[in-house]
Each structure stands twice: as structure tokens, then as C-alpha cells.
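Read the figures in this text as sums done on the coordinates, not as results from a lab. Fair warning: this is a prediction, and the values are worked out from it, not measured in the lab. Note that we place each Cβ from the backbone using ideal geometry, even for glycine, and neighbour counts take in every protein chain shown.
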Amino acid sequence: MSETNAAATGASERGVRGTWNHFAERLTVLVSDGLIALAARIAVAAIFFLSGRTKVDGLLTVNDNAYTLFREEYKVPLLPPELAAHLATYAEHLFPALLVVGLLTRLSAAALLCMTAVIQIFVYPDAWPTHLSWATLMLYLIGRGAGPLSLDRLAGLK
């Protein structure tokens, strides 16, 4: 009788496992690498672009609030606050725009990952869970590229 129960249990597990694996395969097709890359590009771009927009007036005029942030709160070492404000603000506009269209995606994600590292190390060290989630998206883009819906793909760039 125990052999019968073992056989029934084994068949049941194969049935559940088989059903699960079939479901997982369907999800893999539905949630493709291209969709993940597109979502990651847009998510990272939104984070940095919206941050960049708080630092400008008009199109790209760095505002007084940005200078104050870099002087009093961010205090990034090695760079004068005025230069850091300009570099960060322009980077927060340029690299997200490139990510959205999927052009030079690996470079753009790497640049924003470097910015994230600076923010993590020098500005907000306690915000590591947030920065880790950003970094994960950027590492995916650095490692896998922009995906099929991108100018990188159209230009033949990997």
C-alpha cells in the first residue's frame, strides 16, 4: 500500500510541477526580455529625469535651489558645488532621454549607475534599498542592452 501511495504522490507532484512549469514557460513568453528592458529603461529614465527637472527653470537653466542643494545638502567631494550642480542636472536630462529612445543604452545606464553610487556613498547612505533597486534595473540594461524596441537595435548596436 505504501508503494501505491508513493506512486500516487509522485504522479501528483509531477502533475503540479508540470502545470507550474507550463505556466512559467507561458509567462516567459509573455514577459519577454525586450519588455523587461523597455520597462527598465523607462523606469530609470523617469527617476532621473524628474529629479533633473526640479533643478532647472525653463528648458535647462540650473536654478538657485539646485545650487543650494549641492552647497548645503549634497556636499559632493572633489567638485565645487556649482560645477556638480551643472554636471548632475545635465546628466539627469541627457542620459534619461537616451534611455527612453534606447540609444547608447549601456553607456547611459552605466553613467547613471555611477551617479547612483555617488549618491549612495556621499549623499544618502541610508537610502541603500532604493539605490539597490535602481542599480538592479541599470545592471540589467548594462548587461543585456536596450532590447528590440530601441535605436540601439535599429543602429545594429548590442
Review point. What helices does the chain hold that run 15 Å or longer along their axis, going by alpha-carbon atoms, with a Kyte-Doolittle average of 0.0 or more, using DSSP H for the helix calls?
Key: 33-53, 81-101, 105-118, 128-144
Point to revise | Spatial separation of Cα centroids for the range 21-63 and the range 90-127, in angstrom | key: 12 Å
Check your understanding: Among 86-97, 19-30, 68-79, what's the highest-first ranking by average C-beta atoms within 10 angstrom per residue?
Key -> 86-97, 68-79, 19-30
**Study point:** Structure-based [θ]222 nm, the chain - -39500 (n - 2.57) summed over DSSP H runs of at least 4, per residue, nearest 500
**Key:** -23500 deg cm²/dmol
Review point. Where in the range 20-59 does the amide nitrogen come within less than 18 Å of the point 7 Å from the Cα of ALA127, taken along Cα to Cβ?
Key: 43-56
Revision key, fill the gap. Against the 2.2 N^0.38 Å rule of thumb, the C-alpha Rg of the range 52-92 sits at a ratio of 1.02
Practice item. Report the normalised scattering of the range 32-154 as log10 I(q)/I(0) at q = 0.13 Å⁻¹, calculated by the Debye formula with identical scatterers on the alpha carbons. Key: -0.51
Study note, to complete from the structure: One finds, for ARG17 and ALA43 with R0 = 30 angstrom and r their Cβ-Cβ distance, a FRET efficiency to the nearest 0.05 of 0.35
